[in-house]
1. Treating only the Cβ of Lys, Arg, Asp and Glu as charged (+1, +1, -1, -1), what charge dipole size does the range 98-160 show about its Cα centre? Round to the nearest 20 debye.
2. Which whole-percent values make up P(r) of the range 1-142 when all C-alpha to C-alpha distances are grouped in 5 Å steps starting at zero?
3. Using the charge dipole of the chain (Lys, Arg: +1 at Cβ; Asp, Glu: -1 at Cβ; taken about the Cα centre), state which of 105, 65, 131 has its Cα farthest towards the positive end.
4. Take 51, 69, 126 and order them by how many other Cβ atoms sit within 10 Å, fewest up front.
5. Just to compare against my own numbers: the Cα pair-distance distribution for the range 117-244, 5 Å bins, whole % per bin, please.
6. Specify the residue with the greatest mean-square fluctuation among 114, 203, 192, computed from a Gaussian network of the chain linking alpha-carbon atoms under 10 Å apart.
7. What does DSSP give for the range 1-77 in terms of the percent of beta bridges that are antiparallel, rounded to the nearest 5?
8. Need the C-alpha centroid separation for the range 116-132 versus the range 1-55, integer Å.
Amino acid sequence: MTTLVCLPGLLCEPEVFDPMRAVLPQQEGAPVDMRVLPLPGGDDFAALARSLAADIPDGAVLLGMSMGSYLALRVALTHPGKLAGLVLIGTNAAADTPDAAAMRGKVARWAAREGMEALAASLADSLVAPARRSEKALRERIVRMALAQGVARFTEHQKALAARPDQRAALGGLTCPLLVLCGTEDGVTPLEAGRALAEAVPEGRCIALPGTGHLAVLEAPQIVAGHLAEFLTRIATNTKEDAR
């Protein structure tokens with residue numbers, strides 16, 4: 001059985017993976033045990049990664065989206081040989097620019113002043129593809145998760161993200177298979193960033209998701225699940241062949 005551990009993104013609750021879980025095919029002979037690890041509180045990026053790594057079993061496939069993808073990459077790079085595979089959705093191996101880091105602080109202060117509901121409404125416009133921004137159910141889920149996370153957690157995580165390291169120089173040492181999924185309408189982590197990351201990894205592959213924004217697991221769960229199932233099947237097949 002393949003263990004799939006999923007890390008949600010900034011202001012995302014574990015429910016962000018529910019649509020994908022509902023449609024993830026169970027391949028005959030290669031069942032998947034899917035688990036979601038909520039992101040812990042804290043404003044130290046390296047400490048967050050260490051905390052998560054302690055709860056990820058050896059031999060698991062690790063999937064991260066958005067902030068979870070940055071942390072998943074950190075876990076993979078600092079724990080060589082731990083993972084059977086890595087899946088990054090809406091990702092970037094580079095650190096924030098000084099301007100981007102400063103903007104995170106400004107947004108956190110704005111959220112503390114205006115409230116999380118106002119922030120969530122703004123995020124719903126910036127995180128999903130333009131064609132999906134008017135969908136009531138999608139917007140309601142984004143707002144619900146943001147309110148559950150709260151301004152204190154958001155502020156901590158923004159500080160951690162602003163100070164995260166540039167991980168590009170270490171990508172060539174990543175030994176496990178890597179799948180990067182990027183929305184063509186993602187304005188947070190552009191497709192070019194995902195492609196560059198995958199190209200720097202020996203067993204890396206990047207797949208573009210047409211018409212999809214930053215929240216691919218919510219916007220296109222069926223498509224994400226299909227690519228993920230193929231990746232998991234390949235890993236399970238390779239594992240069986242290596243064991244012979």
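Laboratory data are not the source of any read-out in this text; all were calculated from the coordinates shown. No experiment lies behind these values; they were computed from the predicted model shown. FYI the Cβ positions are ideal-geometry reconstructions off the backbone, even for glycines, and counts take in every protein chain you see.
1. Taking the Cα centre of the range 98-160 as origin, the dipole is about 60 debye.
2. 2, 8, 16, 20, 20, 15, 11, 6, 2, 1, 0
3. Farthest towards the positive pole: 105.
4. The order, fewest Cβ neighbours first, is 126, 51, 69.
5. Once binned at 5 Å, the Cα pair distances of the range 117-244 give 2, 9, 14, 17, 18, 17, 12, 7, 3, 1, 0, 0.
6. In this elastic network of the chain, the residue with the biggest mean-square fluctuation among 114, 203, 192 is 114.
7. So the antiparallel bridges amount to about 10 percent of the total.
8. Answer, in whole Å: 23.
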